[in-house]
Amino acid sequence: MAKALNMKGEEMIDFFENGLQAMRMNYYPPCPEAEKVLGVRPHSDSTGLTILLQLNDVEGLQIKKDGSWIPITPLPDAFIVNIGDMLEIAYEEYQYFSIGRCPAWQWRMNTVAAGIGMMMITNGEYRSIEHRATVNSDKERLSIATFYNPKYNGEVGPAPSLITEKTPALFKRLTVDEFLTGLFTRENHDKCYLDTMRIQQNGEDKN
Ligand SMILES: O=C(O)CCC(=O)C(=O)O
Ligand SMILES: [Fe+2]
């Protein structure tokens, strides 16, 4: 990835060496009123990189492309690689993570997900993807997501080798600690957290 971006390899290693890794196992039971609920509401992963396995051969994952939701058909033995944008921790926070609740569901399990932005590191060159998961009326669905992130005592921000006069830094550089503190103390949850990391470019509307 560093090679494709013409980024210094050591910088990528520096971001991710001894980084945080986390895994979330998603179980979506069948829901007779499947069209009324979502398994996972629209979001972009807050990770550096997410590697996702659609465990059984059941559709559910959708990505947003040109304003429409596109289903991602599971392929046997194939991983899906997502570029993440910011850090998120979803820990049994049902309301935060899902929309609606199927009357037939008795329980739901979320494990911890944590991650920090490949979008920031690549200075916007690689963009995070908005996605969601739907549920089915008669089939259960399983997926496993693994999240790869910079180390906790490190920094996050555009890789120095990607910043030039023509491609100025689009995001601030800050410690992971600062990033996390900002994430968890923010009051406006409607605004994308990544947007608060953006550096205003010359000539941009300040509103
Ligand atoms: O179940 C899926 O396919 C998507 C899950 C997901 O987006 C996540 O765990 O972050
Ligand atoms: Fe996700």
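Remarks
- Residues of region 156-183 that turn out to be at negative phi and without any contact (Cβ under 8 Å) to a residue 60 or more places away in the chain, as a count: 18
- Residue within region 171-187 that is part of a helix (DSSP H, G or I), open to solvent by 30 Å² or more (accessible area, probe 1.4 Å) and of a type in the set (Phe, Trp, Tyr) present: yes
- Selected residue (criterion: modelled with the lowest pLDDT) from residues of region 2-53 that are more than 26 Å from residue 64 (Cβ to Cβ) and in a loop (DSSP other than H, G, I, E, B): 20
- Against the test of being open to solvent by less than 60 Å² (accessible area, probe 1.4 Å) and at pLDDT below 85, the options 115, 60 yield a single qualifying residue, 115.
- For residue 147, the test of being outside any helix (DSSP H, G or I), at pLDDT below 90 and open to solvent by less than 50 Å² (accessible area, probe 1.4 Å) is passed.
- Looking across region 1-37, the residues that are of a type in the set (Lys, Arg), surrounded by fewer than 18 Cβ atoms within 10 Å (Cβ to Cβ) and in contact (Cβ under 8 Å) with a residue 40 or more places away in the chain come down to 8, 36.
- With respect to being closer than 30 Å to residue 36 by Cβ and open to solvent by less than 30 Å² (accessible area, probe 1.4 Å), residue 137 falls outside the description.
- Test: residue in region 121-133 that is more than 17 Å from the chain's Cα centre (by Cα), at pLDDT 85 or above and within 16 Å of ligand 2 (Cβ to nearest atom): no
- Test for residue 77: is it open to solvent by 20 Å² or more (accessible area, probe 1.4 Å), on the phi < 0 side of the Ramachandran plot and more than 11 Å from ligand 2 (Cβ to nearest atom): no
The values are calculated or read from the model by the stated rules, or taken from the named source; none is laboratory data. None of these values were measured; they are calculated from a predicted model. So basically every Cβ, Gly included, is an ideal-geometry build from the backbone, and we count neighbours across all protein chains shown. Just the protein is used for accessible areas: all its heavy atoms, side chains included, with ligands, DNA and RNA removed. Shrake-Rupley method; radii C 1.70, N 1.55, O 1.52, S 1.80 Å.
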